Amino acid sequence: MAEPGEASALEEAEARAVRTRWALLVPAMLVLTIGAAGPLLVMLVYSFLEAGDYGGVEWVFSTDGWVQVFYAYDIFDEEWVAADAHLSIFWRSVKLSVVTTLLALFFGFPTAYFIATRSEKSRNAWLFLITIPFWTNLLIRTFAMMEVIRNEGVVNSVLIGIGLIDEPIQILYTDTAIALGMVYVYLPLMVLPIYASMEKFDFRLVEAAYDLYATRLRVLWRVILPLVKPGIVAGSILVFIPSLGAYVTPRVLGGGKNMMLGNLIELQFGQGRNWPLGAALSITLLVLVMVALLFYVRAAQRGSSGHG
Amino acid sequence: MDGSVRDIAVEAENVSKIFGSGSDEVRALDDVSVGIQDNEFFTLLGPSGCGKTTLLRLIAGFDHPTKGSIRLAGQDISYLPPYRRSVNTVFQNYALFPHMTVAQNIGFGLEMQGRSRAEVRETVGNMLALVRMEALANRRTSQISGGQQQRVALARALAPRPKVLLLDEPLSALDYKLRKDMQIELKRLQHETGITFVFVTHDQEEALTMSDRIAVMSSGKILQVGSPRDIYDRPSERFVADFIGDTNFLEAEVAGKEGATARIRLASGVEVEADLPSGMADARQVTVVIRPEHAALAPAGQGELQGRIANIVYFGTDTHYHVDLDTGGQFTLRLQNPRGGRELHGEGEPVGIAFEPGALQVLRD
Ligand SMILES: Nc1ncnc2c1ncn2[C@@H]1O[C@H](COP(=O)(O)OP(=O)(O)OP(=O)(O)O)[C@@H](O)[C@H]1O
Ligand SMILES: [Mg+2]
């Protein structure tokens, strides 16, 4: 039989535990509020202001920033025309991000499979190797990539050296270079979540499927892929989002002319001196990511319910 | 062809399987030869690590023999991949596909064989009925009990109608009651389908009650193959006699041989008849075995052995008498209890032990 005093003491201890738990959340909440929600709000406000002559904003309400996302003012004809340059940059960004995600999946999946099927001891060593690129600054890694693919670089020298080609292949400053660079940089973000799924995967199911007359390809398609799909979905999201907003890689490997959204936004806050447009573009990017995610997750769910 | 009634379904010929190399080398199977007949309930029985799973995996095709060959219905399949053998496996952990329903699991093999939709649906229906799981056809495999998962695993493996079904300790994860039910169920399924079952267990009682024939294994070798009665009554090696049931071992000397029986002289000087195992080398000193229930107590001075009762243990159906022999060693007897019977003997009492005729078996080693 519990004393009444005891019961209330217990309740109090429980309440204290709950308070502590909430208190532990406070620092993270603060960081999120100041670091994420705050800047977003600033961006939203700035996108509806007038551009200052030397950068910055005038505190006057204006929708020019948003209009300029889609239309450009033709000073000769004195009329608004569709901003083709912006639209083509949007299109390139989406296209390159999709290609990057697919390539990362193509290379990342076998890598994750390889690691997951090693002995428990050597797995950690392989994972360690995967994370090594993270030790080096992104800019340095990108310049290293440049060194590999430029006309006088490793790839072209070797190809010319063994007589496969006479003239160097122009890779640097093309969309191919950007995609290559992004695949290289974001590959670990694909490998790690797929590996995490695969580590939980029961490889005895593979034997069970073989036993039931499934060939290798069918085992992959009908048993392995459906069960590691959460990892594939997570990896694809983790690669697609930063790809869409990539800044350093397209800047260095794409040269000046092959811009992506990140570069376009940077331009508005820099030389363009059009902060409201930059802010409007940033929010457009955010919306684009969210819409893409929505579609992707929907499609992924449909895929799995189609199986079940 | 060789005069046996049934054809051979699976045959292993001089099969060895070695894992690792150098100092890590493990000889999981050591020159194993065995023929498993069509429509037979065949059991591999042996202690943990003796190579049962390894032999099964070689038949299934998950591993390949280091030496020797495996034949299925006469065809050499030693190096055929699993998906090209008409052999299915019921795994110890069931290995059901968690992303599929019960019905999809059962239909998987048929689908992979390229059967038509209608045929898959019909066979799955039949299989669900066979294992009495119709009501749960559309459940996820994570939403059914262990015993039900067991049935699904069975149905999934039986659905493609393999020539041979392999079962690796399929009942070990079930509780006692369910295990007993499934033993009967398995026998029924084997009978109804006519498929050859190769069943692995380390439970001797399970092996004795279910099998047509048993192969007793130890350290990568098959020591003896025979019917449950053969294995129990005529163990040919010490390991087999010891592993299955309780046994009395007696040292003896061969006095003379006549066909499949020998006259042996026990330590007490008494001469008795004992059955010889096949392939017995000539030896003077041998060990003979006799089961505790194949001897009876006799008045002191009568019977083949003399001793003094050390203790008496009452078990309900029978009573165990442990007798210290005059010539050294102990002998255990197991006598059926009649209703209303009284203890006829007391501890410390001198008694004789009388063997049933033909109860003695000479061991090969
Ligand atoms: N892949 C492997 N690599 C190395 N050794 C192995 C491998 N598989 C099995 N062995 C060894 O081979 C021997 C036989 O193993 P096996 O699994 O066939 O035994 P088992 O009779 O099935 O035992 P249990 O009743 O415990 O399942 C064991 O000593 C085991 O350690
Ligand atoms: Mg085993």
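Name the most mobile residue of A:19, A:216, A:118, meaning the one with the largest mean-square fluctuation, in a Gaussian network model of chain A with Cα contacts below 10 Å.
The residue with the greatest mean-square fluctuation here is A:19.
Over 27 Å, how big is the tail of the calculated P(r) for chain B, in percent of all Cα pairs?
Working: 37972 of 66430 pairs.
Tail of P(r) above 27 Å: 57 percent of Cα pairs.
Please give, to one decimal in nm, the separation of the simple spin-label points placed at residue B:238 and residue A:299, each 7 Å out from Cα toward the Cβ.
In this crude spin-label approximation the distance works out to 7.1 nm.
Near residue A:200, which lysines are there with a Cα under 21 Å away, not counting those fewer than 8 places off in the same chain?
Answer for residue A:200, where 21 Å is the Cα cut-off: A:121, A:229, listed by chain and number.
Which residues make up the longest stretch of chain B that has no chymotrypsin sites (Phe, Trp or Tyr not before Pro) in a DSSP loop with at most 11 other Cβ atoms within 10 Å?
B:80-314
Using a simple charge model, +1 on the beta-carbon of Lys and Arg, -1 on the beta-carbon of Asp and Glu, nothing else, what dipole does region B:8-233 show about its Cα centre, in debye to the nearest 20?
The calculation lands at about 740 debye.
Please give, to one decimal in nm, the separation of the simple spin-label points placed at residue A:62 and residue A:140, each 7 Å out from Cα toward the Cβ.
Distance between the two pseudo-spin positions: 4.3 nm.
Do you know the relative contact order of chain B, to the nearest whole percent, from alpha carbon pairs under 8 angstrom that are 6+ apart? Numbers along the way, then the final one.
Values: 754 pairs, mean separation 54.5, N = 365.
The value is 15 percent.
Using only Cα atoms, what is the ratio of the radius of gyration of the protein assembly as shown to 2.2 N^0.38 Å?
Values: Rg = 38.5 Å, N = 673, 2.2 N^0.38 = 26.1 Å.
Working it through for the protein assembly as shown, the quotient is 1.47.
What GluC sites (Glu not before Pro) does region A:1-97 have in DSSP loop regions with at most 15 other beta carbons within 10 Å?
Taking region A:1-97 and a limit of 15 other Cβ atoms within 10 Å, the loop GluC sites (Glu not before Pro) found are A:78.
For chain A, modelled as a GNM with alpha-carbon contacts under 10 angstrom, which of A:179, A:292, A:280 fluctuates the most?
Highest fluctuation among the options: A:292.
Take the alpha carbon gyration tensor of region B:246-362, find the square roots of its eigenvalues, order them as a ≥ b ≥ c, and report rounded if a/c is under 1.5; if not, report prolate when a/b exceeds b/c, else oblate.
Taking the square roots of the gyration eigenvalues as a ≥ b ≥ c, region B:246-362 is prolate.
Cα gyration tensor of region A:1-148, axes a ≥ b ≥ c as square roots of the eigenvalues: rounded (a/c below 1.5), prolate (a/b > b/c) or oblate?
Verdict is oblate for region A:1-148.
Under a GNM of chain A (C-alpha, springs under 10 Å), which listed residue has the highest mean-square fluctuation: A:196, A:37, A:112?
Judging by the Gaussian network model, the answer is A:37.
Hey, got a sec? Which trypsin sites (Lys or Arg not before Pro) in region B:258-365 land in a DSSP loop and have at most 10 other Cβ atoms within 10 Å?
B:284, B:339, B:342
Just add up the charged neighbours of residue B:253: K/R +1, D/E -1, any other residue whose Cβ is under 9 Å from the Cβ of residue B:253.
Charge balance near residue B:253 sits at +1.
Would you mind calculating the relative contact order of region B:206-365 from Cα pairs under 8 angstrom and at least 6 residues apart, reporting the percent as a whole number?
Relative contact order comes out at 23 percent.
Any idea which of A:9, A:57, A:29 is furthest toward the positive side of the dipole for region A:4-81, if Lys and Arg beta-carbons carry +1 and Asp and Glu beta-carbons -1?
The Cα lying farthest towards the positive end belongs to A:9.
Specify whether the C-alpha gyration tensor of region B:12-96 places it in the rounded, prolate or oblate class, a ≥ b ≥ c being the square roots of the eigenvalues: rounded for a/c under 1.5, otherwise prolate if a/b is larger than b/c and oblate if not.
It is rounded, given that a/c, with a ≥ b ≥ c, falls under 1.5.
Solvent-accessible area of residue B:38, probe 1.4 Å, all protein chains present, reported in Å² to the nearest ten, please.
Rounded to the nearest 10, that gives 60 Å².
Could you order B:191, B:202 by accessible surface area, starting with the largest, using a probe radius of 1.4 Å?
Greatest to least solvent exposure: B:191, B:202.
Using just the helices of chain B, give the 222 nm mean residue ellipticity in deg cm²/dmol: DSSP H runs with n ≥ 4 each add -39,500 (n - 2.57), and the total is spread over all residues, rounded to 500. Don't skip to the answer; put the middle values down first.
Numbers: 8 runs with 84 residues, N = 365.
The helix-only estimate for chain B comes to -7000 deg cm²/dmol at 222 nm.
Separation between the residue B:313 and residue B:132 pseudo-spin-labels, each 7 Å from Cα along Cα→Cβ, expressed in nm?
3.6 nm
With n ≥ 4 as the cut-off for DSSP H runs, can you work out [θ] at 222 nm for chain A, using -39500 (n - 2.57) per run divided by the number of residues, rounded to the nearest 500?
Result for chain A, helices only: -23000 deg cm²/dmol.
Quick one: compute the contact order of chain A, relative version, from alpha carbon pairs under 8 angstrom and 6+ residues apart, as a percent.
The value is 26 percent.
Within region A:219-304, list the trypsin sites (Lys or Arg not before Pro) lying in a DSSP loop whose Cβ has at most 12 other Cβ atoms in a 10 Å radius.
In loop regions of region A:219-304 (DSSP not H, G, I, E or B), the sparsely surrounded trypsin sites (Lys or Arg not before Pro) are A:257.
Considering the options A:242, A:212, A:128, tell which one lies farthest towards the positive end of the dipole of the protein assembly as shown, charges being +1 on Lys and Arg and -1 on Asp and Glu at the Cβ, about the Cα centre.
A:242
Could you put B:17, A:200 in order of accessible surface area, largest first, with the 1.4 Å probe and the full protein assembly present?
Largest accessible area first, the residues go A:200, B:17.
Can you tell me the dipole magnitude for region A:139-216 around its Cα centre, using point charges on the Cβ only (Lys, Arg +1; Asp, Glu -1), in Debye to the nearest 20?
Its charge dipole is roughly 220 debye.
Counting each pair of different Cα atoms once, what's the Kirkwood radius of chain A in Å, rounded to one decimal? Provide the component values of the computation, followed by the final result.
Details: mean 1/r = 0.0425 Å⁻¹.
Mean inverse Cα-Cα distance, inverted, gives 23.5 Å.
Could you work out, residue by residue across B:95-102, how many beta carbons of other chains sit within 10 Å of that residue's beta carbon, and then give the average as an integer?
Rounded to a whole number, the mean comes out at 5.
Leaving out same-chain residues fewer than 8 places away, which aspartates and glutamates sit with a Cα under 15 Å from that of residue A:95?
Qualifying aspartates and glutamates at Cα under 15 Å: A:175.
With Cβ to Cβ distances under 15 Å as the rule, what net charge do the other residues near residue A:59 carry (K, R +1; D, E -1)?
-4
Summing Lys, Arg as +1 and Asp, Glu as -1, what charge do residues with Cβ under 9 Å from the Cβ of residue B:54 carry, residue B:54 excluded? Walk me through the intermediate numbers first.
Numbers: positive: B:17, B:52, B:57; negative: B:63.
With Lys, Arg at +1 and Asp, Glu at -1, the neighbours total +2.
Would you mind calculating the gained length between residue A:81 and residue A:121 on full extension (0.36 nm times residue separation, minus the Cα-Cα distance), in nm to one decimal?
Additional length available on full extension: 8.2 nm.
Can you give the accessible area of residue B:34 in Å² (nearest 10), computed on protein heavy atoms with a 1.4 Å probe?
Approximately 20 Å² for this residue.
How much accessible surface does residue A:29 have with a 1.4 Å probe, in Å² rounded to 10?
For residue A:29, solvent-accessible area is about 100 Å².
So what's the gap between the Cα centers of region B:311-365 and region B:1-75, to the nearest angstrom?
Their Cα centres are 40 Å away from one another.
Assuming R0 = 22 Å, can you tell me the calculated FRET efficiency for the pair residue B:188 and residue B:38, based on Cβ-Cβ distance, to the nearest 0.05?
0.75
Between region A:180-198 and region B:95-161, how many Å separate their Cα centres?
What the calculation gives is 36 Å, centre to centre.
Using a 1.4 Å probe on the protein heavy atoms, what percent of the accessible area of the protein assembly as shown belongs to carbon and sulfur? Walk me through the numbers on the way to the answer.
Working: 20270 of 34940 Å².
Here it works out to 58 percent.
Just the ratio, please: alpha-carbon radius of gyration of region A:82-203 over 2.2 N^0.38 Å, N its number of residues.
Scaled against compact globular proteins, the figure is 1.30.
Going by Cα centres, region A:101-133 and region B:203-237 are how many Å apart?
When both Cα centres are located, 47 Å separates them.
Enumerate lysine pairs in chain B that are 8 or more residues apart or on different chains, then count those whose Cα atoms are under 17 Å apart.
Pairs that pass both the separation and distance tests number 8.
How high is the FRET efficiency from residue A:148 to residue B:281, r the C-beta distance, R0 60 Å, rounded to 0.05?
0.20
The values are calculated or read from the model by the stated rules, or taken from the named source; none is laboratory data. Predicted, not measured: the structure shown is a model, and the values here were computed from it. Backbone-built Cβ (ideal geometry, glycine too); neighbour counts: all protein chains shown. Quick note on the areas: whole protein, heavy atoms, side chains included, nothing else; ligands and nucleic acids left out. Shrake-Rupley method; radii C 1.70, N 1.55, O 1.52, S 1.80 Å.
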